[in-house]
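The values are calculated or read from the model by the stated rules, or taken from the named source; none is laboratory data. Note that this is a predicted model, so its numbers are computed, not measured. Note: ideal-geometry Cβ built from the backbone for every residue, glycine included; neighbour counts use all protein chains shown.
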Amino acid sequence: MPVFERHVFVCTNQRPCDSPRGCCDPEGRRALQSLFKAALARRGLKGSVRANAAGCLDQCEHGPTVVVYPEGVWYGGVTAHDVEEIVESHVIGGVPVARLRLPDGCVNTKSCEHRVARVDVETDSVTP
Ligand code: FES
Ligand SMILES: [Zn+2]
């Protein structure tokens, strides 16, 4: 079995609609992940690039969140309309989609201006 060259992790975490941190998959249908899977399959990439359903990636305020490895490129606010562009430009062409990238100051830093509260992903309890 060939080794996967890339993984596209798609947050499919659900929270109540009124959660202060938001929710990447409010309908709980993993629709975004399914679109990535289909887009990759259409291009014959099923064996080399995997679209994984991920739990909370802790970038909730920027969601829906997607991260592509091994590059470690983070995307925020990803919609169904962005899937083809990410696959074509980034996965196939090697050029990340600049307009959807999360700034370095937003990813895994306390300085992110968008972060309103922290949610314990195990208990979903919110602390400021
Ligand atoms: S709910 Fe998607 S990153 Fe946290
Ligand atoms: Zn931010």
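Annotations for the structure displayed:
- Residue in segment 39-50 that is under 14 Å from the mean Cα position of the chain (by Cα) and modelled with pLDDT of 95 or more present: yes
- Residue tally, condition hydroxyl-bearing (Ser, Thr, Tyr) and within 11 Å of ligand 1 (Cβ to nearest atom), over segment 57-74: 1
- Yes/no for residue 117 being at pLDDT 95 or above and either of a type outside the set (D, E, K, R) or within 14 Å of the chain's Cα centre (by Cα) (or both): no
- Restricting attention to segment 58-89, the residues being at pLDDT 95 or above and touching a Phe, Trp or Tyr at 6+ places or on another chain (Cβ under 9 Å) number 10.
- Residue within segment 3-15 that is within 16 Å of ligand 2 (Cβ to nearest atom) and either among the acidic types (Asp, Glu) or closer than 24 Å to residue 115 by Cβ (or both) present: yes
- Of residues in segment 75-86 being without any contact (Cβ under 8 Å) to a residue 24 or more places away in the chain and among the acidic types (Asp, Glu), the one nearest to ligand 1 (Cβ to nearest atom): 82
- Residue 22 meets each of the listed conditions (1) within 12 Å of ligand 1 (Cβ to nearest atom); (2) modelled with pLDDT of 90 or more; (3) on the phi > 0 side of the Ramachandran plot apart from (2).
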